[in-house]
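K.L.:
Sharing a structure below in structure tokens format, with a few things to ask.
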Amino acid sequence: MLMIKATDYSETGVNYSSEHTKKLQEYKTMLAREGILLAEEELQPSTRGIKITYSQDGKPELLAGPFEGNSKELVAAYYVFDVETEEEAVQWALRMPIGAGQAGHELELRWLEEKGERKR
């Protein structure tokens with residue numbers, strides 16, 4: 001799974017430029033054509049989110065967004081790839097277009113668990 005971390009920009013909810021949106025669509029099309037893309041979604045900013053935390057006694061506490069702190073702790077979008085190796089996942093992730101003015105943009109790759117076993 002490729003997680004695209006939130007930025008201060010993505011947390012504002014402002015749409016990307018039409019040029020960047022076009023490049024992202026081309027990237028998704030390429031992934032789908034190659035049979036790599038299993039799923040992908042863009043998430044709403046944390047202003048539309050709810051956190052549920054549990055206290056020591058196990059009672060849930062709900063907190064409506066926006067969430068304070070470092071935006072890079074939040075996920076803005078994700079892609080699920082069907083790849084065999086870590087190197088292959090990295091190569092596909094590196095092809096993702098990053099918009100102008102997105103310095104500090106952070107991506108994170110993680111393996112999904114499959115039926116109790118780590119897929120690697």
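K.L.:
Most exposed first by the Cβ proxy, i.e. fewest other Cβ within 10 Å, how do 85, 7 rank? Can you show the working numbers first?
P.N.:
Numbers: 85 9, 7 19.
Placing the least packed residue first, the sequence is 85, 7.
K.L.:
Considering just Cα atoms, how many Å³ per residue does the convex hull of the chain enclose?
P.N.:
Numbers: hull volume 15.9 nm³, N = 120.
Spread over its residues, the Cα hull of the chain gives 132 Å³ apiece.
K.L.:
Among 57, 8, what is the fewest-to-most ranking by other Cβ atoms within 10 Å? Mind dumping the intermediate values first?
P.N.:
Numbers: 57 5, 8 10.
Least crowded to most crowded, the residues run 57, 8.
K.L.:
So between residue 111 and residue 17, what do we pick up on full extension, going 0.36 nm a residue minus the alpha carbon distance? Provide the component values of the computation, followed by the final result.
P.N.:
Values: separation 94, 0.36 × 94 = 33.84 nm, distance 3.07 nm.
Additional length available on full extension: 30.8 nm.
The numbers here are math on the coordinates, done by the rules we state, and not lab data. The shown structure was predicted, so the numbers you read here are calculated from the model rather than taken from an experiment. Don't worry about glycine lacking a Cβ; one is built from the backbone with ideal geometry, like all the others, and counts go over all protein chains shown.
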